[in-house]
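Coordinate-derived values only; no laboratory data. The model shown is predicted, which means the values in this text are computed figures rather than measured ones. No Cβ is skipped: glycine too gets one built from the backbone with ideal geometry, and neighbour counts run over all protein chains shown.
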There are 2 protein chains.
Amino acid sequence: MEFPKENFSGWYNEVVEAAGLVDKRYPVKGMHVWRPYGWKIMGNIDSYFRKIFTEYGHDEVNFPLLVPETEFKKEAEHIRGFEDEVFWVTHGGLDPLDVKLILRPTSETAMYPMFSLWIRSHADLPLKVFQIVNIFRYETKQTRTFIRMREVHFFEAHTVHRTYDEAEEQIQEDIEIWKKIAKKLALPYRIVKKADWDKFPGAVYSLGVETIMPSGRTLQIATFHQYGQNFSRPYGIRYLKEDGTHEYAHQTTFGMSERLLGAIVGIHGDDRGLILPPEIAPIQVVIVPIVGSKKERVLEESKVLYQEIKDSGFNVHLDDRDNYTPGYKFYDWELKGVPLRLEIGPRDLENNQVVLVRRDTGEKISVKREEYLDMISKLLEDIQKNLLSRAEAEMNDKIKYMESIEDAKSFSGVASVNWCGSEECGRLIEEKTDKKIIGSPLDEHRPGRCVICGKETNILAFVAKPY
Amino acid sequence: MEFPKENFSGWYNEVVEAAGLVDKRYPVKGMHVWRPYGWKIMGNIDSYFRKIFTEYGHDEVNFPLLVPETEFKKEAEHIRGFEDEVFWVTHGGLDPLDVKLILRPTSETAMYPMFSLWIRSHADLPLKVFQIVNIFRYETKQTRTFIRMREVHFFEAHTVHRTYDEAEEQIQEDIEIWKKIAKKLALPYRIVKKADWDKFPGAVYSLGVETIMPSGRTLQIATFHQYGQNFSRPYGIRYLKEDGTHEYAHQTTFGMSERLLGAIVGIHGDDRGLILPPEIAPIQVVIVPIVGSKKERVLEESKVLYQEIKDSGFNVHLDDRDNYTPGYKFYDWELKGVPLRLEIGPRDLENNQVVLVRRDTGEKISVKREEYLDMISKLLEDIQKNLLSRAEAEMNDKIKYMESIEDAKSFSGVASVNWCGSEECGRLIEEKTDKKIIGSPLDEHRPGRCVICGKETNILAFVAKPY
């Protein structure tokens, strides 16, 4: 069985289950079971988040899932943005609750009442915390594994600062952190500023990190929001300044989710299944013994190799299952996206060599025993880089500058068009292309004329179909 | 400020907040915010769970939080046991849901519909999975941090076997795993078999791991349940036997929770605050420089020590805060339960030594620079052992064999009494002592006469006030 990626949507839906990431048969729409292999990959990503955010001075916390209606309703725009899509807990046992509770769709309204207690003076700032939890949204659109779910594995960092400028610096730091994450996950991206009508409910402005799936549709995989004082005012997050007066604090958030895994699956995979970036692969090297006529000696040697590779610090698995052919095992581990396969058979024993097979290119490399550990190290690095650079090339191909609204409409990727920046023209761009403005790229400008009103502008809008 | 542990309940309630474990001011009853220090300790415990259960062949999974009413209601005893204490989600956005959902109070009813899809033949067994998630119970009794909460950080292992005997072997393995966990957390315990009317709803029988808090009340900190076929029948978990017939599987579970942290806090702490077992302490050694007249040299040397201790694999923290006195820092780290304090001042520099102070005994040890790393290693081991052995001695003191119901009633700890084993006498024991039978100790028997009916028996019942 192969998985033709040409039909991307069918491929994606099939491969997430076939590779053992999730089971979609759970009897609640939009909620999937994480199987061990999928959960390990997600766990590796979470571990990296913990490491890097701690390095940047964040502390990990864990806030309750349930938020009282009264706290949820404090910030007007925020509630308008979420009231259609929160799950409501109305009963405890057989009794109706006095105050209804929502399942967090994100944690502003859970955290900020506490921040107002924690923050007293300028010496308490900045406050930088994050948590890794599941969030809940009553999605009415079609759900899709990792991409649009009703229960979502979520990362959220929340920061509190003295001034707007310090919050701006935090967002610059967030971008710096993001760049490291993108490298770790081998994901290409563009950072865009969201149109004003598309920003996070309650934010001053929102930045989105966008990648492009093979279907040509964009996927938002991270967001940075500048809240200014929009939340600190209703939640009373004030601090005593050095001059003795009180001031409302300025806040930001940085959000990511299991969508990152969706992007990894979609962008790197091929007709044989997943291809995992070595930096987050639960198994980086799988050993498949091809025992031939020398079963005992090959298996014995495989165990030696396993120990050597493990001792060198790689995640290695020895597939010594008796009842499967090597061919079946190749198929299985390719489907699961293991970056490197090591084959060893009787002839390799004789020649004092092993064979390494790259998952990304299919290339087979025979290498002497004296050099194979160095070669594994080198190949894993190469695969990591190659995945990123080929994904970047593919992404670049899918973004095209266009001068007319018709071209933008018919293009299957991301059309980059000039836009005067007005909401009126923006709405018309969306209407006439039957697409969305996913945002204006942060670091790209180009002089031209707004595709609607013809006014001169150097602002670009990315026009695409987002997931 | 000191924390008099004599008044245990007040001490406990104060210390969990003062030491920075939780913030109880969250505006939903029974749901607390985990602050960074508390969450790190819990994270260390979780990491150990992941390590040891993986070693014993368990895979980690993650199931959805929400369970449809229809699945929840499949096992009659289970639903009777939980229906008064589940939270109900009844609305998504503004619309009532077609099928109401519960927040998992435990995950049998989420997992077992999937197990029935995963398990086909004897080759699929045993299935051994675990997950670490939060669970929700609408507790109507008084809530208490870590001990009785409405949102509970939870560990649950679920296993599926071919036969009842294989499930029994799993429970023996669970006990073996538990013994390692108890050593890691330095917790004394007794394993009891629960009275039939007190077993887990749906179980054939339940074992409880019980410890005793300084108040004399018992705390159940782990459970092992034998389900037999009680769940596999309603959920249709069947497998094809080697003889071609189908058979319902046999199941077990192993549950633990944040109560373990409650036990660590309560059992090891003293008037100065927490005392953490070194094996799970986020900070094992805190360096407090006492700069005196040689600020620069002492701080420089502190940094050298920090690096050496870190490189030796210990969790170390250098408290070089400028605006606090050494005395304040001592107080602060004692409250947080850091097992070892390292002090270094000008005279220590001169004498080429450091001073180590044990949190558990207060003992001060001057040690030469050449030997201090070995001494840290030795002292941390000693503290780990000492915490366990003194807690065991205290626990033993709190369990007393008694021949009359009146003695059992007035005793502040755990009264061990002879019991014929009948429900009738058991209920009378509870009524007359105004206490509970927390179970019969697994490995202790003593010939005597039932304290109610006088029948000869070697069964014991532990009679106590449980949390």
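Each other copy holds its own label point for B:ASP124; taking that point as 7 Å from Cα along Cα to Cβ, the gaps run 5.3 nm, nearest first. Residues A:CYS453, A:CYS420, ranked from the fewest to the most other C-beta atoms within 10 Å, line up as A:CYS453, A:CYS420. Note on A:HIS122/B:ASP124: beta-carbon distance plugged into 1/(1 + (r/R0)^6) with R0 of 45 Å gives a FRET efficiency of 0.15. For A:TYR331 and B:ARG50, what is the calculated FRET efficiency with R₀ set at 25 Å and r taken between the beta-carbons, to the nearest 0.05? Working from the Cβ atoms, E equals 0.25. Only residues of region A:408-432 count here: report those whose backbone N is under 17 Å from the spot 7 Å along Cα→Cβ of A:LYS400, or say none. Under 17 Å, as judged by backbone N against the label point of A:LYS400, lie A:408-418 of region A:408-432. Label-point spacing at A:GLY327 relative to the other copies reads 8.2 nm, in ascending order, each point sitting 7 Å out from Cα along Cα→Cβ. With bins 20 Å wide beginning at 0, the percent of Cα pairs of the protein assembly as shown falling in each bin runs 12, 40, 37, 10, 1, 0. Over chain B, dividing the summed -39,500 (n - 2.57) contributions of all DSSP H runs of at least 4 residues by the number of residues returns a 222 nm mean residue ellipticity of -11000 deg cm²/dmol.
In this simple spin-label model, placing a label point 7 Å from the Cα along the Cα-to-Cβ direction at both B:SER412 and B:GLU392 gives a separation of 2.5 nm. Neighbour counts of C-beta atoms inside 10 Å place A:ARG259, A:ARG120, B:ARG390 in the sequence A:ARG120, B:ARG390, A:ARG259, starting with the fewest. For a distance above 35 Å, tell me the whole-number percent of Cα pairs in chain B that qualify. Of all Cα-Cα pairs in chain B, 41 percent lie more than 35 Å apart.
Over all directions, the projected convex hull of the C-alpha atoms in region B:285-379 averages 5.6 nm² in area. Rg and Dmax over the alpha-carbon atoms of region A:8-268 stand at 18.9, 62 Å. Take A:GLU166, move 7 Å from Cα toward the beta carbon, and the resulting point lies 6.1 nm from the same point in each other copy, nearest first. Along chain A, counting only GluC sites (Glu not before Pro) with a DSSP assignment other than H, G, I, E or B and at most 16 other Cβ atoms inside a 10 Å radius, the longest segment between sites is A:7-241.
Centre-to-centre separation between the Cα atoms of region B:282-313 and those of region A:183-240: 41 Å. Shown here for region A:399-464: trypsin sites (Lys or Arg not before Pro) in loop regions (DSSP other than H, G, I, E, B) with at most 16 other Cβ atoms within 10 Å, namely A:LYS455.
Can you put A:LYS368, B:LYS184 in order, fewest other beta carbons within 10 Å first?
Working: A:LYS368 11, B:LYS184 20.
With the fewest neighbours first, A:LYS368, B:LYS184 line up as A:LYS368, B:LYS184.
For region B:369-384, list residues with backbone N below 18 Å from a point placed 7 Å from the Cα of B:GLU350 toward its Cβ? B:369, by backbone N distance to the label point.
Take the Cα pairs of region B:219-345, get the Kirkwood Rh, then feed it into Stokes-Einstein at 25 °C and 0.890 mPa s and tell me D in µm²/s.
It comes out at roughly 131 µm²/s.
For region B:400-464, what class follows from the C-alpha gyration tensor (a ≥ b ≥ c being the square roots of its eigenvalues): rounded when a/c is under 1.5, otherwise prolate if a/b is larger than b/c, else oblate? Because its axes are fairly even, with a/c under 1.5, region B:400-464 counts as rounded. Sparse packing (at most 10 other Cβ atoms within 10 Å of the Cβ) combined with a DSSP loop state is found for none of the trypsin sites (Lys or Arg not before Pro) in region A:261-299. Other residues within the sphere of radius under 11 Å centred on the Cβ of B:PRO326, judged by their own Cβ, net out at 0 (K and R +1, D and E -1). Per-residue mean of foreign Cβ neighbours for B:129-142 is 2 (Cβ atoms of other chains, 10 Å radius).
Add +1 for every Lys or Arg and -1 for every Asp or Glu among the other residues with Cβ under 15 Å from the Cβ of A:GLU77, and state the total. List each step's numbers first, then the result.
Details: positive: A:LYS73, A:LYS74, A:ARG80, A:LYS194, A:LYS199, A:ARG233; negative: A:GLU75, A:GLU83, A:ASP84, A:GLU85, A:GLU108, A:ASP196, A:ASP198.
Summing Lys and Arg as +1 and Asp and Glu as -1 gives -1.
Label-to-label distance for B:GLU169 and A:LYS385 is 5.1 nm, based on points extended 7 Å past Cα in the beta-carbon direction. For the pair region A:15-74 / region B:397-467, the C-alpha centres are spaced 46 Å from each other.
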